[in-house]
Amino acid sequence: MTPSDSPLGNTKRTTLHRVPHKEVKDRQMLHQILDAALVGHVGFVQDNQSFVIPVAIARDGDNLLLHGSKASRLFRTLASGAPCAVSVTLIDALVLARSAFESSMNYRSVLILGVAKELEGDEKIQAFNALTDHLLPGRRPSLRPLNDDEILQTTMLRLPMDEASVKISSKFPADDEEDLSWPVWAGNIPIEHRYGTPIPDPRMTTPLPLPDYLERWPEGRT
């Protein structure tokens, strides 16, 4: 069974035990959440101390690409074969109930467990390009090409998504019946993810019009 065919949450470590009704087994939903995300929080252990570090991410098929500095403790540790956990969360709404206890959030979240592989040569360049295309759609052809020093200073890791789970919360307040008459506003406050108006770098030597890819820049990743 290939990763694209394997069900999510099919291992002991990724099976959702608490509020299992929020678990989603659809691998396409895993892809959608990762495609909407820019940052993942990577957890690892070094010298009996746990760390969680935010890094830029991109999905490449059924793999997650992680990008960082060659000098980074995180990337040195993961490149050595240490196991890691990557968490990605998109917050969609505040859920305001009639009590603080029942108030919560709507979200889409992903957990990926595994061992990442350091990429070299053409695989490293291809991963770098995939990450650039994810973070800055349509912009890569206009950029100055990578130089050897930049490639040397950067680590690209590929984490297979063989062991992953997806959890989604999408609801209105779950107040008890006896609280429904309490005189307080209750409901959901949607949270929108969008880009603002581009601000040019004041050090641009020549004023340039806004490029087409920025004119088409997505209003958000949902």
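The values are calculated or read from the model by the stated rules, or taken from the named source; none is laboratory data. Bear in mind that the values here come from a model prediction, so they are computed numbers and not experimental data. Cβ sites come from the backbone with ideal geometry, for glycine too, and all protein chains shown count toward neighbours.
Using the structure shown, decide if Ala116 is among the aliphatic types (A, V, I, L, M), touching a residue at least 40 places away in the same chain (Cβ under 8 Å) and over 26 Å from Asp26 (Cβ atoms). It is false that Ala116 is among the aliphatic types (A, V, I, L, M), touching a residue at least 40 places away in the same chain (Cβ under 8 Å) and over 26 Å from Asp26 (Cβ atoms). For the range 86-97, a residue qualifies if it is crowded, with 18+ Cβ neighbours inside 10 Å, within 21 Å of Ser165 (Cβ to Cβ) and either modelled with pLDDT under 95 or touching a Gly at 6+ places or on another chain (Cβ under 9 Å) (or both), and the qualifying residues are Val86, Val88. Taking the conditions exactly as written (at pLDDT 95 or above and either assigned to a helix (DSSP H, G or I) or more than 20 Å from the chain's Cα centre (by Cα) (or both)), does Ala100 satisfy them or not? When the stated conditions are applied, Ala100 passes them. Within the range 197-208, is there a residue that is under 27 Å from Thr89 (Cβ atoms) and not aliphatic (A, V, I, L, M)? Among the residues of the range 197-208, at least one is under 27 Å from Thr89 (Cβ atoms) and not aliphatic (A, V, I, L, M), which makes the answer yes. Within the range 74-96, the residues that satisfy the criterion of being over 13 Å from Ile112 (Cβ atoms) and hydroxyl-bearing (Ser, Thr, Tyr) are Thr77, Ser80.
Number of residues in the range 111-142 that are within 19 Å of Val39 (Cα to Cα) and of a type in the set (Ser, Thr, Tyr): the value is 1. Count of the range 54-77 residues, restricted to those that are among the aliphatic types (A, V, I, L, M) and more than 18 Å from the chain's Cα centre (by Cα), is 1.
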